[in-house]
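Scroll down for the structure; my scribbles are underneath it.
The values are calculated or read from the model by the stated rules, or taken from the named source; none is laboratory data. What you are looking at is a predicted structure, and each value in this text was computed from that prediction instead of being measured. Using ideal geometry, Cβ is built from the backbone for each residue, glycine included, and neighbour counts are taken over all protein chains shown. With ligands, DNA and RNA removed, areas are computed over all heavy atoms of the protein, side chains included. Shrake-Rupley method; radii C 1.70, N 1.55, O 1.52, S 1.80 Å.
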6 protein chains.
Amino acid sequence: MVHNHLREFRGYREKRNEKILSQGNLLTKRFFNIDTQVYDDGALPRKTKELLGLLGSMVLRCDDCVTYHIIQCVEQKVSDAEFFEAFNVALVVGGSIVIPHLRRGVEMLEECRRKEKAGS
Amino acid sequence: MVHNHLREFRGYREKRNEKILSQGNLLTKRFFNIDTQVYDDGALPRKTKELLGLLGSMVLRCDDCVTYHIIQCVEQKVSDAEFFEAFNVALVVGGSIVIPHLRRGVEMLEECRRKEKAGS
Amino acid sequence: MVHNHLREFRGYREKRNEKILSQGNLLTKRFFNIDTQVYDDGALPRKTKELLGLLGSMVLRCDDCVTYHIIQCVEQKVSDAEFFEAFNVALVVGGSIVIPHLRRGVEMLEECRRKEKAGS
Amino acid sequence: MVHNHLREFRGYREKRNEKILSQGNLLTKRFFNIDTQVYDDGALPRKTKELLGLLGSMVLRCDDCVTYHIIQCVEQKVSDAEFFEAFNVALVVGGSIVIPHLRRGVEMLEECRRKEKAGS
Amino acid sequence: MVHNHLREFRGYREKRNEKILSQGNLLTKRFFNIDTQVYDDGALPRKTKELLGLLGSMVLRCDDCVTYHIIQCVEQKVSDAEFFEAFNVALVVGGSIVIPHLRRGVEMLEECRRKEKAGS
Amino acid sequence: MVHNHLREFRGYREKRNEKILSQGNLLTKRFFNIDTQVYDDGALPRKTKELLGLLGSMVLRCDDCVTYHIIQCVEQKVSDAEFFEAFNVALVVGGSIVIPHLRRGVEMLEECRRKEKAGS
């Protein structure tokens with residue numbers, strides 16, 4: 001059976017973002033807009049930018065951000081070999097303190113792959 | 001005239017790394033080896049990995065690391081447009097606290113470009 | 001119905017602080033004392049200091065500290081408009097990596113407001 | 001004689017920001033715009049927001065950002081007593097690792113005060 | 001009854017590390033090897049190195065790493081008095097932002113002590 | 001000839017600390033007192049505590065703090081072999097981002113050793 005951590009994560013994230021944007025002011029909205037647009041295709045392809053976002057999330061050690069960018073990277077067709085090379089850069093740059101986030105990140109990646117196979 | 005910040009940086013870096021490796025033990029050497037190999041071409045090209053290293057250096061805010069990866073990225077033919085898109089990801093992920101490092105990083109990039117033109 | 005995340009948080013915090021102070025030595029107690037007194041009214045009003053504590057907690061990304069300072073700010077009559085302007089400073093200074101903590105912080109703020117209305 | 005660290009800082013900062021904005025793309029400009037507007041008077045007065053910016057800069061330990069926000073706070077009439085209470089919050093939240101930045105920050109504050117007296 | 005947080009932590013950690021090492025490449029394995037060997041007895045005894053690992057985990061604020069090094073320190077016969085002196089260094093160096101991790105760390109230490117008494 | 005980076009560092013540090021303590025309030029003084037006392041001999045010897053302070057300074061990447069604790073460790077008779085094993089723990093825990101601070105730290109250590117030989 002396919003776990004639902006990803007669905008829960010997405011649901012909570014969307015619901016809370018809506019709350020923030022409904023209560024926040026114009027600058028909040030602008031920041032969130034930039035945060036979306038910065039990963040769009042440009043001189044660098046979106047795939048590379050999502051890998052950059054993943055790397056930043058790992059060395060700054062934010063589980064939710066790691067999960068989010070893993071989901072985006074999977075959509076951008078990042079292969080497992082590519083993921084693990086990016087994980088290695090995060091490990092080396094950020095040190096062993098990154099490992100607990102890597103454990104949870106790899107678990108999320110496995111769930112993404114199961115969902116791909118299940119066709120969802 | 002071409003500035004010599006880059007030459008000074010490289011000279012100091014090489015000299016001090018030699019000192020560390022001559023005094024350090026086996027684990028020190030192994031760590032430094034991994035730190036070199038992790039950016040080698042693989043499933044992800046070296047260019048992408050150097051961009052990942054640059055991103056990590058910016059959000060963790062280490063000037064020397066930013067300088068080092070800018071030099072490597074220039075060697076990997078990263079264009080100015082690509083640099084600034086990667087800088088934007090660093091700005092958005094890491095916040096305004098990244099800006100002082102961006103100021104110095106862009107200065108280093110300009111010096112790299114001047115050296116390229118001067119043929120050195 | 002009013003959720004009880006806040007009650008749980010307070011209960012755990014108080015119980016664990018007691019444990020730490022009963023086992024810790026004199027320096028532990030002194031640090032905890034300073035940590036309390038630093039937010040007292042002075043040249044700057046307590047309200048401003050709690051906002052400073054909230055800002056520090058957000059850019060250093062500590063959920064428990066964010067929750068604690070949101071509770072204190074609510075007691076100091078910080079309005080929603082003031083909260084969201086402080087949140088924006090945290091977002092801009094600390095970057096998108098702050099967003100997951102903002103999601104949970106805004107949820108805590110909503111719970112505080114519900115408790116206020118419920119008169120507890 | 002009045003030192004000129006502040007003048008140098010401002011000159012470098014302005015010159016480099018111009019370079020970044022002339023080379024950067026639209027998102028870079030938007031980020032810089034938000035970074036300016038977020039400290040404007042609103043529900044919270046600018047003075048409080050500059051203190052928030054100072055606190056964030058100290059606990060994230062960025063000398064240039066500390067200098068910048070000290071200059072802004074001086075313009076917003078933050079008194080020495082208020083500065084040192086904010087410094088204490090930064091010390092307690094961020095720990096002794098903040099002290100070297102406090103040393104340089106207090107030096108900058110002294111220079112700002114000398115410039116005020118000298119009428120510059 | 002003895003809680004099982006420690007057992008759960010160890011089980012998850014071991015299972016996930018296996019997954020990472022089975023999927024990761026040679027550099028991943030090398031990093032994990034160094035991460036094990038760096039705490040071995042040498043010029044500094046293992047006990048001191050585990051305290052160093054604990055200190056690093058606390059000031060970088062990683063609960064899983066704190067739990068892991070507390071377990072290792074208990075095996076190295078670190079006394080409660082020694083633990084609390086190390087905790088104080090972490091508090092002073094890293095600031096009040098360390099306190100939530102101290103709360104959970106002291107809870108883990110209590111569970112370790114209960115397991116010692118229960119002879120498991 | 002023996003360099004004078006260490007003398008400059010100590011002079012600046014002492015002068016600025018005096019300024020801070022003369023201008024700061026009671027809480028500032030208390031924080032500085034705790035920051036001194038926390039490294040005193042106790043259940044853990046001062047030598048171990050200075051190594052903990054060094055480790056914390058390296059993984060949090062503060063050059064001045066690294067210099068300070070290296071000086072203290074030298075006074076506590078930490079050997080070069082012990083230093084490099086502690087450096088390795090910092091490298092592994094904190095990652096390659098620690099390396100620039102290691103370069104400068106090892107330079108400071110060499111200067112301390114030269115001063116020891118010169119009998120100053």
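About its Cα centre, the dipole of chain C is roughly 340 debye, where the only charges are +1 on Lys and Arg Cβ and -1 on Asp and Glu Cβ.
For the stretch C:55-120, relative contact order (Cα pairs under 8 Å, six or more residues apart, normalised by length) works out to 47 percent. 3J(HN,Hα) along the stretch F:46-54, derived from phi through the Karplus expression 6.51 cos²θ - 1.76 cosθ + 1.60 where θ = phi - 60°, amounts to 3, 4, 5, 5, 5, 5, 4, x, 5 Hz, with x in place of Gly and Pro.
Can you pull the percent of the protein assembly as shown's accessible area that's carbon plus sulfur, 1.4 Å probe, other chains left in place? So the carbon and sulfur contribution to the accessible surface is 49 percent.
With its label point put 7 Å out from Cα toward Cβ, residue D:22 sits 4.4, 4.4, 4.7, 5.8, 6.7 nm from the same residue's point in the other copies, in order from shortest. Accessible area per residue for chain B, computed on protein heavy atoms with a 1.4 Å probe, is 40 Å². Could you tell me which of rounded, prolate or oblate describes the protein assembly as shown, using a ≥ b ≥ c as the square roots of the eigenvalues of the alpha-carbon gyration tensor, with rounded for a/c under 1.5 and, failing that, prolate when a/b is larger than b/c and oblate otherwise? Rounded, because the longest to shortest axis ratio a/c is under 1.5. Annotation for residue D:118, label-to-label distances across the other copies: 3.4, 3.4, 6.0, 6.9, 6.9 nm (shortest first, one decimal, point 7 Å from Cα along Cα→Cβ).
Summary for residue A:46: label point 7 Å along Cα→Cβ; distances to the equivalent points in the other copies, ascending, 3.0, 4.1, 5.0, 5.0, 6.1 nm.
By the beta carbon rule, with partners counted only under 4.7 Å, the protein assembly as shown holds these lone Cys residues: A:73, A:112, B:73, B:112, C:73, C:112, D:73, D:112, E:73, E:112, F:73, F:112.
Put a dot 7 Å past the Cα of residue D:26, heading toward its Cβ, do the same for residue E:29, and the two dots end up 4.9 nm apart. Under the combined filter of DSSP loop state and at most 10 neighbouring Cβ atoms within 10 Å, the stretch E:35-101 retains these trypsin sites (Lys or Arg not before Pro): E:77. Between the listed residues E:95, E:53, E:12, the Cα displaced farthest toward the positive end of the dipole of chain E, a dipole computed from Cβ unit charges relative to the Cα centre, is found at E:12. For chain B, the 222 nm mean residue ellipticity estimated from helices alone, with every DSSP H stretch of n ≥ 4 adding -39500 (n - 2.57) and the total spread over all residues, rounds to -25000 deg cm²/dmol. Return P(r) of the stretch E:4-120 (all Cα-Cα pairs; 10 Å bins starting at 0; whole %; ordered from short to long distances). Distribution as computed: 13, 41, 35, 11, 0 percent.
Considering only alpha-carbon pairs that sit under 8 angstrom and 6 or more positions apart, the relative contact order computed for chain F is 31 percent.
For the stretch D:81-97, 3J(HN,Hα) computed residue by residue from phi via the Karplus equation (6.51, -1.76, 1.60; θ = phi - 60°) reads 4, 5, 4, 6, 6, 5, 4, 4, 4, 4, 4, 5, 5, x, x, 5, 5 Hz, glycine and proline entered as x.
For the rotational copies F and B, the chain F residue with its Cβ nearest the relating axis, together with that separation in Å, is F:61, 5.
Between helix F:26-37 and chain F there is an angle of about 30 degrees, using the helix long axis and the longest principal axis of the Cα atoms.
What is the stretch E:50-89 by shape, rounded, prolate or oblate, if you read a ≥ b ≥ c off the alpha carbon gyration tensor as root eigenvalues and call it rounded for a/c under 1.5, prolate for a/b larger than b/c, and oblate otherwise? Here the stretch E:50-89 falls in the oblate category.
When chains D and C come together, the accessible area they lose, probed at 1.4 Å and totalled over both chains, is close to 2300 Å².
Calculated FRET efficiency, residue A:7 to residue E:41, Cβ-Cβ distance, R0 = 35 Å: about 0.15 to the nearest 0.05. Inter-part distance, the stretch E:21-43 to the stretch F:24-50, computed on C-alpha centroids, equals 35 Å. List the residues of the stretch F:39-61 whose backbone N lies under 17 Å from a point placed 7 Å from the Cα of residue F:79 along the Cα-to-Cβ direction. Zone members listed by number: F:47-48, F:51. Alpha carbon centre of the stretch A:51-111 versus the stretch B:57-90: separation in Å? Taking the Cα centre of the stretch B:57-90 as reference, the centre of the stretch A:51-111 is 19 Å away.
Applied to the stretch F:59-70, the Karplus parametrisation 6.51 cos²θ - 1.76 cosθ + 1.60 on θ = phi - 60° returns per-residue 3J(HN,Hα) values of 6, 8, 6, 10, 4, 4, 5, 4, 4, 4, 6, 5 Hz, with x for Gly and Pro.
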